[in-house]
Every structure is written in structure tokens, then in C-alpha cells.
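Taking it in order: structure first as C-alpha cells, then the write-up.
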Amino acid sequence: MSTPLTFTTGGTDVLAAAGEIDMSNAATFAAALREARQTAGTAVLTVDLTGVDYIDSAGLAALFPHVEHVRVVANPLLAPVLTIAGLDELTTIRE
Amino acid sequence: MGMAAGGDVFAGGGDVGRQLAEVAWEQTPLGPPRAWPQSLRTAVSILLSSRFPMWMAWGPQLTFFCNDAYRRDTLGRKYPWALGRPAGEVWAEIWADIGPRIETVLSTGQATWDEALLLFVERSGYPEESYHTFSYSPLRADDGVLVGMLCVVSEETERVIGERRMATLRDLGSDPSAIRTEHQVLAFAAAQLGRNRRDLPFTMTYLFDGDTVRLAASTGVDGHEMPPWPAGEPARGETALVELTGDLPAGDWPEPPTQALLVPLLRQGGAPYGFMVAGLNRYRVLDEAYRGFVELAAGHMAAGIGSARNYETQQRRAEELAELDRAKTAFFSNVSHEFRTPLTLIMGPLEELRSRWAGQDDAVRAELEVIHRNGLRLGKLVNTLLDFSRIEAGRMRAHDEPVDLAAATAELASVFRSAVERAGLRLQVDCPPLPGPVHLDRGMWEKVILNLLSNALKFTFDGGVRVTVGQDGDQAVVTVADTGIGVPPEEMPWLFERFHRIENARSRSNEGSGIGLALVKELVELQDGSITADSTFGVGTTFTIRLPLRAGRVPAAAGPVVSTGADSYVQEVLRWLPGDADTEAGMPAGPPSDVRVLVADDNADMRGYLTRLLRSAGHEVHAVGDGRHALDEARARTPDLIVSDVMMPGMDGLELVSALRADPRTAGTPVLLLSARAGPEASIEGLEAGADDYLVKPFSAAELLARVRANVELARLRNHHARWRTALIDSLQEAFFVCAEDGAVIEINPTFTDILGYGPEGLPYRPVHPWWPDPVEEPQRHQEVADAFTLLVGQTRGSYTIPVTHRDGHRLWVAAAFNRVREPETGRHVIVGTFRDVTAEHYAVQRDSALAALSVHLSEAESLTGAMRGALSSLQDLWQATEVYAVVFGDSDLPAVTTTGPGTSWAALTERQRHTLTVLRGKPLLTPVAEQTGITLEHPDGTMVLHVELAEKRSFTEQDQTLLALLAGRLGQGLHRMHQIDQQRETALELQRAILGPARLPAGFAVRYAPATRPLKVGGDWYDTIPLGDDRIGIVVGDCVGHGLAAAAVMGQLRSACRALLLQNTDPAHTLTALDRFAVQLPGALCATVFCGVLDPATGDLTYSSAGHPPAIVTHPDGATDLLDQGRSRPLGVRLRAPRPEAHYLVPARATLLLYTDGLVERRRQPLTTGIDRLADTMREGRADGIEELATDVMSGMAADAGYDDDVALLLYRHPGPLEIDFAAEPTTLYSVRSTLRGWLARCGVDPTTTQNVLVAAGEACANAIEHGHRHGPAGKIRLWASATAGHLHLTITDSGRWKTPQPAANPHRGRGLTLMRALMGEVTVTTGAAGTTIALQTRIPG
């Protein structure tokens, strides 16, 4: 069973992901991010990861090219990983 | 139930109670016990519960009851027959005595009391004399009517009879008069024996009289005709028992004895005096006490006879002595008279000859003078003896007459004037006239004064002698005072004793009989006077005589006062004085011989006589006057023979001999002693002092010359004898040596030289002898020899075995025996010894004992290592080695080293030691190598080198090498056998392990089994895990009773049964219940204990039931402990019907469950709970460790020093068990792996944050592994393994690829992966090997 991951968009500047992000689907996540950035244009893209239960370095690697243009919302479970990755400044933790 | 209730009456009655319960009571008037009235039941219960002897009678027939104590003391063979019978039947034989008493009790209700009543009971098969003190008291029925009686009785037979016998023995010993005649003794003893006609109905005492036997005394016979007695055994000192029949005296009894004892009257160190016949009491058996009594009585009699005979003998001897004394006095008297006649006939003609030869031939005249002087002396001695015998016989009468004492005394004193002056002394006479006469016997007075003067002159060397006469009241006082040597104070009391002589006093002559002063005293007292002596040692002596002065006129001198007898005194004294040159003329000289004789005698006449006699035989003679001069002369010019008088002033003959013998120059000179003292004692004394011969005066000239000749020839022969002795000693097969007292070897024989290599040229060999072992090289051996040497010079005789060193250096063992003897010629002590070479025997013994010691070590060892250590220590002891090494060159890289010292290893050895050992290794097997003091042998693991490190300079001889080879051979065999035993033991343990548990354990479990250590034994403990169909796991720990293969076999069957039942039931209680049924069919399975549980490893839910097993222990992550002590019930196979309980328990996350058998916690003298508490502590301390490590720690931590006494099985489970996932190296597998890990972490009770951290870290590791997997082909596999302890999580992710070096530039997120892992986990370890890469992660679980 492959790792579940679904996306929903809320307006032009929000990409919400649900499921888990790992090596097997990091490319999907990266593609979704690129698409959402194009949609958002110059606006800051909100990447809503509150529905994501797991993200590893492959998932984070997809986020890094966009750090200047995104802000991240995540549930507390992901907080340590995001902090270690140096993404805490652009991340809002929400229950 | 009826029986039980009836039986209760007799409960607590011991054996008697049980027998009472057996009685057919329904056939007695009392009926069955259940129907007994309360009063009877109470009485019986009191009776049985008492420890004092009692019996009772109840009911119309007086039915008999008794208790254990009565049965023991009194009932004898009547038990158990008597129980329940009518008392009149039980005690029929004494019913006449006790019946009326019981009757009285029953009719009056009054208790009776009898003390020590004699009763003839028949309890041992014969009517027996017995004494009882007892009381009968009434027993009443429930309604108060008298129905029985209770007897409390104390049997006193032993006491009464014992006291009676004691009284007889006391009377026998109470003989009031100390000494009696034999007849009196026997009469007295008979009187005492006759008073005890109970123990001794009759006695007859016979005495042996040469070959005949006579009756000396008897008691109780009273005119009966007695049978003849066999005297043979008593005559040999043995006791005999004789059977009797017929009409014999009965003593105090109605019937006569049926046996008599014949006891010898023993005499110490001789045949018996006789024997005593004792008729025996037929109402007592002849036991030890009875026999002892009769023998003691006989002993008393024998002792009495002995002392009576002794006394009679002494009495007779005293009478004989008195008779002898009377005879002696008569003899002296007669002999003295007889002497006088020949003396007169000698002296008469002699006077005539002297006057005829006066002025003519000098030689003849000189001889006549000698004869004359000695004739006078003999006459004086005879007169003195005669005086004495007269006094003794009371026949001495003083012919008193009035005498002018002053004048008479002065005249007597003047007789001695010339002699005194010639001795260089002054004589002072001060005798003023007295107012009255003194009544005296003139002859006696003359003897008194002359004796005193002679005595004074003899002991005075300077000054003078003073004689005074004076008056003191009504007494005349005469004193004779000298300035001589005086008398030592301790001798004063004996001064006037007859024959008493002061030893060693300096005197002019040693002549004298010692009766002079005694005679003086007797004579003075015969004249109503008294004499006293006053002396200061070294200053002088004064004798004071007091005589009563009479009234009347002093008579004028009547004729010559001094008799001719006075001349003999003066002549004698003159002979003591110097200047009277020895007359050497006389006998013609014989043919000259080359024998030089030295003569020593204080008497000038004797000296002259001996000189002339010996010269006549042609000897060269030198004569001296005392021992001192003789010694000086002998030392200056050793004579061929010394002839010496024994009694001489200064140094006497015996002292002379001792002095001669002590000096090596004169030690061999023969000495012939002359003495006037006859008797064997005197000659023995002389010979003991070292004299060669002894001649008693008077002797004949021919005898003297013969003895002189014989002794001279013997002395010459002695040299010849010495040659023969040397030849004898030289021919001895044993080494012979003579040591001086200081231990210096002064003589040896050739065998000595053969054995030790030291020859006579080196004599003397002074200690320390050159053959002693070197004190530096062999301090112990040296000490052994030093100890033996102490023995040699310190003891009179002895033997020892010691190591010695041959002159060429080789080691020998010799066994020596020595004896201290006195060298006859010198009187000195020397040590004579022999020894032989026992080297071969010594090594044989050493070899045998070393082999024995080694065998003991090998047989006692429990393992190969133990055997080796024991063997090395025995080798160390044998050679007193500093250390012994055993090095096994086996398969491993480094040789294995065992030593007698503290533990060491090959690496710790010195370069030199390693070299030595390596050299030895190259030598052929079992061939001793002297240079390296070692040997090689086969060890089960390879070649073993044995190296004995000797103390410095200690040599390793050929014997040592032989012994080492022998021991090494034995050790090799031993080690191989030991190895086999070890293997067998391993096999046994493997076998046990194989039957006690599953080959594969489910995850999360650890198990251990240990057999009992000492002695090593397998047993009946087991553990088991059984995977059940529903993913649950059956867990079982059990313990069968007993040890050994039998228990193990039972265990195997129980385990299999339990396994099968659990698979069928999956319910612990039912399983155990079914196992109960199985256990009752299986011998040895009863009472086994089992803890049976079913665990759901997913949830930790545990259902369990315990069959008498110790509670399982659960340790929580925080250290809290739960004991699973519910669901408990009896061990297997006990009371089948009751259902077994079951309990539930939820094992918390990361808690550890421990099942075990009681061997783990059971310790002697400790409650089980102590062990369980300790076990809980151990578990708490180890809760952070891995499960295997914890299992090992528990096993070692709980063991006593010596290991386990009982076998131990344990089973550990930590919940949840570890997670193990194998998956393909594909990214798509990651999600499911993560899900599984998440679920496991939840079971571990891990918080969400930590869970997330672990998931990410593990995910990164897996991702990394997948990348490796891709790189190295498509079929890569990855394994994830995770386990939890109380506070930590451990994960490993293993792949078969190679770790990717972080290259952030090329692949930035991979580098982040490692960063993430490190940030999220407490510890990350990456190990890359040829086979793949392992990432180990570890993190703490908070909380």
C-alpha cells in the first residue's frame, strides 16, 4: 500500500495536504507545490500541512526551493521536524 | 463412629493406649468403651496421661488397666496380656499380699500406703524378688459408689537390693582393727557375709595350700552336706558358675539356690589365694550388678588375706632381725676374746725377738717393728670391740675407785706430748688439784682421754691441743680442746654415733673405725658422767666431760697410772706423722721387669709393705701417700699400673680413679684398688668408678702379685683387642661412626667412606659436617639434617632418615640409628651410630606418595581446570617449587596458561619464561628436560608444557626427572579422563535443555536453566512457551519433585502433556486441572508445581493459574513490582475435585514478567519471601537492560557463592516483544513499515512526540537503506528491528548495501536525513561493513 497523500486548494494561495509525505510520494508533493506557486503568482503561498501526519527529509526537500514564498501551517506532531529543518520561522503550528 | 469415640478414651496413652483399644471390651464386664460411664473414662484418661507408673482396677472383676510407665517398670512379660483382665488373674502370684489391701480400699474407701513391700512377681518367667512402694486409692462410679481402685506405684527393687549389697560391702571394709591374722580376717569377713543371706544364702571360702584346698570359712551352711566344688577355674583366676540341685541351705529364702558362683581370691602378681563359693539368690537373675557384688566381696576378702599374710611376714622378719642382732653381739664378743689369745701369743714372743735383735740386723729389726706396731694396733681394735660388746651385753662394769682426776688426766696427756710436738703442735696441760676425789674406773678413763687426744691430733694441723681439769659446783670438768678443722654444724648431731665418720674431712689419716667417740661417750656415761662437744667449723673443737665430785680425801698416786695399752695409741698416732721414712730394705728384689707400678696409700706401713712386695716381683715401684700425689705422678710419668688404697685423706681412691679416667693421658692406665671394706657393693662402686680390679684387705702377697700381673697383661692385651675391634667394625656392611659429645665425627669405617666419599684422613669431621645439604641452595633439607643432629647430640638413642650430599655432590638419603654409650676407658660419653644408603627406597616412597597425591587431586577435581590446578599444586609441594606452569598450545592464537601463582596469561609472562616454555614445546612428549625443568604431555586441547620453576640453585636430578615423567604421564591420563567427564556433563546438560524447553522462543522472551551445582545434578524444573492458534502464547514454568534423570524424565512427560493440553484448552485453569489427572497416573509427578499462563503479546493480557508455584513477578518501567499471586491452588495431583482458579493480569507496557522455580529464591534458614524480595530488587535494577542481559544478571545475582543447591528454571518476558520487520528496499513499502512501527510504539506506551521522532528517524534510515538497495540491484532486503526497555527504545535498520557518504551538494536532502536522525534520537550509530550498513538508533522515553 502506497503512502496516502491528497491535496486540496483553498483559493489561490492555499495548498492543503493530507496524509503522509515520504520518499515514495515526495515528487508528487513537489509537483503540487510548484503548481500552487504558479497559481498563487507573487502572493505568499500557504502550505497547510495540518492534515499531514508524517513528513521526512524527502518531503522537506520539496519545500526548500519555495521557502521565500511560502508559509507553512502544521500540526504539533510535525513541529520538531520542521524546527530541525530550519523552517520554524515560516511555520505556524496549529492544533 | 462408635469405634472412634470409644478409642478416644485411650488417646494419648502411647503404646499402651493402642493396646487398650485392641482389647475386646465387650467380653468384659465393663462392656464397650462407648458405653463406659464418665467416671471410668475420666479415671482411664488420668491413668494414661500420667508419666508416673500407675495401674487401676474397675468393676466387679476388678478389670486391669495400666499406663506406659507401669508397663515399662513393672509389668514385664505380662504385657499386653494383662490389659482388660481381672486384676486377681493378672497378679495371681501376689494376690495373697495385695488382695486384702484392695479389699480394704473397696470396703472402707480408705487409701492404703506400703513402702518397699517385698513381692514375688512372675513377670520375667520366674518368681522375682521385687520391692514396691505403692498406694491404693478408691475410685467411685458416677453415682459415688466404690467400683475400683487406682494404684500409684514406684518400683524400688534396684534401690533396695543395691543398698543391701552396699551395706555388706561397707561392713566388709569396716574392719576396726588395722591388722589381723589371716584367721581373724576370714572370721570377720564371714561374719559380715553371713548377715546378708538374701544375696548370699551361703558362702564357703577355700584357700589353696600347696596342692591341696582347705575350707577356711563359711556362712549359712548350717550343717548341710555340701557338694564338692570344681577348683580348676578359680585356681586359674577365672570365675565359674555352677548349677546346683538338691537340699542346700536356702538362706533367707523359702527355696535353696539353683546356682553358685565360684570367685577366685585374686592375688596381685600371683596365683589366687583361694576361692569363694557364693550360693546365689534364686529370686534374682545373675546380672552384671549381682556378679559385680559377689566379685567385690571376694576382692575384699582377698585383700584382707593379702594384708594379713604381709603383716605376718613382716612380723617374722622383724623377729629374725632382732635375733640376728643378738647373735652379732655374741659373735663380736666371742671373736674378740678369741683374737686376744693369738694376739698375746704373737706379742709375747715378738717382744722377746725385738729385745734379742736390738742393735743387730737393721732389716730384721725393721720388720719386727712393723709387726710390733701393727700387733699393738690390732690389740687396741680388739679391745675396743670387746668393750662395745660388753656394753651391748650389759656386762661392762666400772670398777670405781676414788681417783685424783687432775693428776691422772695430766699424766695421760703427757703420754701424747712427744707425738704432739713431733706433729709441730703445742700441748697445753692445765690440771690444778681438785678439792675431792672422783670415782672412776682407771682403765676406762685412760681410754676416754687417749681417744680424745688421738682424735684431736688427727684433725689438727696448726696450733695445739689443750687439756684442762677444773671444778664447776659439785662437778669436776675436764676439757680437751683443739684448734683443728672443726666439725661442720650439720654433722654435730651424729658426732657420738657409732661408725659415723665425717666424709671428706681433712685429716692426718683415713684410718679409724668411727667408734672412738661413741666409745668415749659410753664409757663416760658408765661412770655417771656426761660429755658434750662444742665445735666451730674451721676453728676447733672442744670436748667437755663432767663427772660428780665426791667428798673425801684425794687419794695419793698409787703406782703407774698409765697402762701399757697407752703405747698402742701413741704408736698409732706416730705412724700418721711425716718423717718416719719408709723402710725399703727387707725383701730381695726379683728379676727385673719393665712394669712400672705406682702405689698410693696413706698408711706408711702398708705403703712400705706394698713397695717391698712389688719390688720383689721385679717391678719398678713408686709410692706416694695420697690420691693427689698419685695423680700428679701418674700424669708426669704414666705407670703401667696403679695400686691405690680406697680410703685416703684428701683425694680418696675412687676420686683418683675418676680423675685418671677423665684425663686422656691416663684414661687407659689400669688401676687396682685396695680396700678394707668388704662386700659386693664396695667392689661394684670401685669398678663403676672405672677401676680395673678390686682387692679386699687382708689379702695375701701372692694374690696381690697375681692381680698385678693379670692387669698389666690385660692392659697389653687391650691393644690387641683394639685391633680386633677395628677389623670387626671395618667388616660391617653398614656405615659406622663414633661422635664425640659435641657431634664431631671421630671414627668411621670404610663403608662410611664408600657411601659418603669422606675418608678417615679428614677426621675429625666437626659439625657442621661437610655432607650437610647446602643451607643456601636447600634450606629445608639443611634444616632437616640440623634437626636430626639435634636429636643425635641430645638424645640417648634414636634414628632418623636424612638427605646428605656425597663428596662428589650427588644427593643421597641415609637412614641412621645411634646410641649414646659410655666409653669404658675414659668414662666419657660418645655417640655410636650406623647408617645405610636408602636413596632408592626414599625415591620409591616419594614416587608413590607423589603419585598418590596427584591421583587424589585428580579424583577430587570437578572439572578439567580444577584437576589442572590441583595437579600443579601437588607438583609445587613435591619440589618446593617457586611456581609451576602448565601451558597448553591449542587451537587459539595464544597458549592457555595455568599456574600455581595468581592468574596469569601468556602475555604476562616474561620473555625468558616464554622462551623456556617454547623450547620445551619442541621436545618429544613425556621426555623430561633437565635444563628447562619441564616436560610435554598431551592435553585434550593440544600439547601441554609443564614447567617446574625451582628455587634458585636447586638442582634437578635424574630422580627428579624420572619422577616428573611418571607424574606427567599420570597427569595426561587424568586430564583426558577429566575431559571426558566434562564432555559427558555437557552432554547431560544439553540433553536436559533439549527436553525442557522449545528450540525457538517467541520474540520478547528469555529463558535460563541451571542444574544444581554441588553435586552437579539435573533435575525436574522446566520452562516452556507454546504459540497458540490465536496469536496468544502459552507460558509455563514448572518444578517436579526430586533430582536426577528420573525427575528429568517425569519433567519431560509433564511438559509434553502440559503443552498438548494447553493447545487444546487455551485456558490455564482447565489445562492444570487436566494435568492433575495426568499427574496422578505418572509416578513422580505428584506434587509438581506449575505456573501456567496464556499471554496475548499484542495487548499484554495474561490469564494464569498457579499449581502451588511461587508467584510470578512483574516489574513496571518505574520500578514498581506486582506479584502475580492470584489464581493459586494446590500442587499437581492433590485433591482432584475442587476447581482450579484463574486470574487475569494486564502486563503494562515495557514491564518485565518473570516466571521462575523455587531454586532461584530458596535459601536455607531464610523465608521464601526474603528471596522473592531480593529477586524483585534484582529485577528493578535490571529493568533498563536488555532481556537476555537481565536473564544472565538474575541467574548470577541470585546464586549463592557455591552456585545453586537446587536446579533453577526461569522465563522472562518484556512487553511488548521486540518488533522485527523484513521488507523490500522499495519506497512503496515505507508506509506499511511505518504503520507497523507506529502500532508497536503504541503498544510500548510511547508518547506521540517521541513516536513521531522515532518514526521520522527510522523513516530516514529506511529511506537511506532503500537508496542503497537500489544501487545494488533490485532484490535488496531491509530489516528493521526495535525493542524497548523500561526507559529506552532501541532500533536497528540493516541493509545489504553501502552507506552513502553525506554529500549535501549533490543530494542535499540525504544529508538532512542524517541531521534529522541525530537531532531526533539520543544516539545514532552507523556501522558499515562488507555485508551492508547498520544504523542503530536509541532514544529515551520521557516520563
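Please treat every number below as a calculation from the coordinates, not as lab data. Everything numeric here is computed off the predicted structure, so don't read it as measured data. Every residue, glycine as well, gets a Cβ built from its backbone with ideal geometry; the counts of neighbours run over all protein chains shown.
Quick rundown of the values:
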read-out	value
Selected from B:759, B:463, B:111, residue furthest toward positive end of dipole (chain B; charges at beta carbon)	B:111
Tail fraction, Cα-Cα pairs, the range B:75-187, threshold 22 Å, whole percent	50 percent
Estimated D of the range B:1005-1056 in µm² per second, where Rh is the Kirkwood radius over Cα pairs and Stokes-Einstein applies at 4 °C, 1.567 mPa s	108 µm²/s
Residue B:111-residue B:163 FRET efficiency (beta carbon distance; Förster radius 30 Å; 0.05 resolution)	0.65
Interchain or long-range residues, amide H under 5 Å from residue B:813's placed H	B:804, B:838, B:839
Rg(Cα)/(2.2 N^0.38 Å) for the protein assembly as shown, N = residue count	1.78
Burial ranking of peptide ranges B:130-139, B:209-218 (average Cβ count within 10 Å, highest at the top)	B:130-139, B:209-218
For B:1250-1260, mean number of other protein chain Cβ atoms within 10 Å	5
Kirkwood Rh and Cα Rg combined as Rg over Rh, evaluated for the range B:842-985	0.94
Ranked list, fewest to most other Cβ atoms within 10 Å of each Cβ, for B:409, B:1071, B:1339	B:1339, B:409, B:1071
Helical mean residue ellipticity (222 nm; -39500 (n - 2.57) per DSSP H run of 4+; nearest 500) of the protein assembly as shown	-13000 deg cm²/dmol
Cβ-placed point charges (K, R +1; D, E -1), dipole of the range B:1070-1148 about Cα centre in debye, nearest 20	560 debye
Principal semi-axes in Å for the range B:710-823 [√(5λ), Cα gyration tensor, largest first]	30, 16, 12
Using alpha-carbon coordinates, inclination of helix B:701-730 to the longest axis of chain B, degrees	20 degrees
Per-selection Rg to Rh, chain A - Cα, Kirkwood hydrodynamic radius	0.92
Shielding score for A:77-90, defined as the mean number of other chain Cβ atoms within 10 Å	3
Descending principal axes extents, the range B:1070-1129, alpha-carbon based, whole Å	45, 22, 15
Per-peptide average of other Cβ atoms within 10 Å, ordering B:1238-1247, B:607-616 highest first	B:607-616, B:1238-1247
Kirkwood hydrodynamic radius of the range B:31-134, Cα pairs, Å	14.5 Å
Farthest positive-ward along the protein assembly as shown dipole, Cα basis, beta-carbon charges - from B:294, B:1062, B:834	B:1062
Alpha-carbon spread of chain B, three principal axes, descending order, Å	176, 115, 64
Cα-only radius of gyration and Dmax that characterise the range B:768-830, units Å	13.6, 43
Sorted by Cβ neighbour density within 10 Å, fewest at the top, the residues B:806, B:399, B:372	B:399, B:806, B:372
Acute angle (nearest 10 degrees) that the helix B:95-108 long axis makes with the longest principal axis of chain B, alpha-carbon atoms	60 degrees
FRET efficiency, residue B:170 to residue B:530 (Cβ-Cβ, R0 60 Å, nearest 0.05)	0.60
Inter-chain Cβ neighbour average for residues A:45-58, partner chain, 10 Å	4
Kirkwood-based shape ratio for the range B:997-1214, expressed as Rg/Rh from alpha carbons	0.94
Cα-only Debye scattering, the range B:741-797: base-10 log of I(q)/I(0) at q = 0.25 Å⁻¹	-1.11
Computed magnitude of the charge dipole of the range B:1174-1242 (debye, nearest 20; Cβ of K, R +1, Cβ of D, E -1)	600 debye
Residues B:44, B:477, sorted so that the one with the fewest Cβ neighbours within 10 Å comes first	B:477, B:44
Debye equation applied to the C-alpha atoms of the range B:402-576, log10 I(q)/I(0) at 0.09, 0.11, 0.15, 0.16 Å⁻¹	-0.28, -0.43, -0.82, -0.93
Of B:1034, B:1127, B:1078, farthest towards positive along the dipole that unit charges on Lys, Arg, Asp, Glu beta carbons give the range B:997-1214	B:1078
Angle between chain B longest axis and helix B:516-526 axis [Cα atoms, degrees, rounded to 10]	70 degrees
